[in-house]
Amino acid sequence: MQAPANSPAPDAAPLWQSHTRLKSRQLLLLLAVADEGSIHRAAERLAMTQPAASKLLRELEEMLSVLLFERLPRGMAPTDYGRAMIRHARAVIGSLNQAREEVLALKAGRLGHVAIGAITSPGVRLLPPAIAQIKARYPGLRVSVEIDNSNVLLDRLGQEKLHMVVARLFPEHDKGRLRYEPLSEEPVCAVVRPGHPMLSAQGLSLADTTEAAWLIPPAGTVLRHRFELMFQRASLAPPVNVVETAALLFLTRMVTQSDMIAVLTADVAQYYAAFGMVEILPMEMPCHMDDFGLITPTDRLMSPGALLVADALRESGQQIYGAQP
């Protein structure tokens, strides 16, 4: 026997015990009856017969042991139990609709999270236009960026903390699990403060800078090795009046407040020069870094969003660097 419309619910909790029996079709019918005020019109709205709709509603009421609607001479009106169920049914159906939209958005790459790592040069030149392009097309896609050296970035890629990196591969890296797409080589230049005496020197050469104070990368880094090798190949002793640092903020501050010369990759130097913080010395620097490229894992699938970001990086790379080396 069904409980009266306004009687207390039984002590048992049939909904929690029988939640697996609750059908989404019943929830849709519940909402249709509430909106239409009639089982007949609700059945038409759901493209089902009235007997089938009546049976579905009766099964739901029996499962809950309450009346959800009062049967009136002209239509149906929700009981207190019915209003409670209608409120939750709307939330459930709305949540399911949102879930479907979210899945479709994730599938299309419009939502989700993509974590990118980059070394400094592509971090200041390649990533900004690529990410701006992605965010303009897919504002719901969340993008995070880390700037660090290649070894750190590749470690984080291996730990699945990054989805892709723009960096260099070295012999010690496990290339069997990585896909490498070269983007560009990385030339190096020397920078000084605006108004530095050497900017007006005629025919400035590397030999003219051996006695100067230099800001250089720490020992053990690739750029430090290439810097010293450049002097050695020119039959010159590398500068000894040096300050070692990998901190760009400190380096640029030191340059602007002294006559020191700093060695930087060309993209980074041009970035700071564009803001008037430094000027590039008019001196040939026969020194360059190995090429860097887009590195993605081969042992796991990339999300649709990550694939879109990778394509944007390739597109921007082609525009900025031209043909791949």
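The values are calculated or read from the model by the stated rules, or taken from the named source; none is laboratory data. None of the values given here were measured: they were computed from a predicted structure. Cβ placement follows ideal geometry from the backbone for every residue including glycine, while neighbour counts extend to all protein chains displayed.
Is it true that some residue in region 172-182 is out of contact with any strand residue (DSSP E or B) (no Cβ under 8 Å at 6 or more places or on another chain), over 24 Å from Pro282 (Cβ atoms), among the acidic types (Asp, Glu) and not assigned by TED's automatic domain parsing to the domain that holds Tyr271? Yes, the conditions are met somewhere in region 172-182.
Residues in region 60-82 that are surrounded by 14 or more Cβ atoms within 10 Å (Cβ to Cβ) and in a helix (DSSP H, G or I): Leu60, Glu61, Met63, Leu64, Tyr81, Gly82. Under the condition of being surrounded by fewer than 17 Cβ atoms within 10 Å (Cβ to Cβ) and under 19 Å from Ser150 (Cβ atoms), the residues counted in region 266-298 number 4.
Only one entry in Gly117, Gly112 is on the phi > 0 side of the Ramachandran plot and under 20 Å from the mean Cα position of the chain (by Cα), namely Gly112.
Every test in (1) hydrophobic (A, V, I, L, M, F, W, C); (2) farther than 14 Å from Pro187 by Cβ; (3) under 21 Å from the mean Cα position of the chain (by Cα) is passed by Met260 save one, and that test is (3). Scanning region 209-230 for any residue that is outside the structural domain of Leu169 (by TED's automatic domain parsing), more than 25 Å from Phe250 (Cβ to Cβ) and out of contact with any strand residue (DSSP E or B) (no Cβ under 9 Å at 6 or more places or on another chain) turns up nothing. Suppose the filter is of a type in the set (D, E, K, R), in the same structural domain as Glu315 (by TED's automatic domain parsing) and within 20 Å of Thr265 (Cα to Cα); does Arg125 pass it? Yes: the conditions hold for Arg125.
Leu249 satisfies every condition listed in (1) loosely packed, with under 15 Cβ neighbours inside 10 Å; (2) touching a strand residue (DSSP E or B) at 6+ places or on another chain (Cβ under 6 Å); (3) in a helix (DSSP H, G or I); (4) not basic (Lys, Arg) except (2).
Residue-wise test of (1) modelled with pLDDT under 95; (2) within 29 Å of Thr252 (Cβ to Cβ).
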position: Ile131; (1), (2): no, yes
position: Arg137; (1), (2): yes, no
position: Asn149; (1), (2): yes, yes
position: Val152; (1), (2): yes, yes
position: Lys161; (1), (2): yes, yes
position: Val166; (1), (2): no, yes
position: Gly176; (1), (2): yes, no
position: Tyr180; (1), (2): yes, no
position: Pro194; (1), (2): no, yes
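Okay, residues lined up against (1) under 24 Å from Gly94 (Cα atoms); (2) touching a helix residue (DSSP H, G or I) at 6+ places or on another chain (Cβ under 8 Å); (3) at pLDDT 90 or above:
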site: Pro4; (1), (2), (3): no, no, no
site: Pro10; (1), (2), (3): no, no, no
site: Glu36; (1), (2), (3): yes, yes, yes
site: Leu57; (1), (2), (3): yes, yes, yes
site: Glu61; (1), (2), (3): yes, no, yes
site: Arg71; (1), (2), (3): no, no, yes
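Could you tell me whether any residue of region 130-141 is free of Cβ contacts under 8 Å to residues at least 24 places away in the same chain, outside the structural domain of Ile280 (by TED's automatic domain parsing) and surrounded by 15 or more Cβ atoms within 10 Å (Cβ to Cβ)? No, there is no match, as no residue in region 130-141 is free of Cβ contacts under 8 Å to residues at least 24 places away in the same chain, outside the structural domain of Ile280 (by TED's automatic domain parsing) and surrounded by 15 or more Cβ atoms within 10 Å (Cβ to Cβ).
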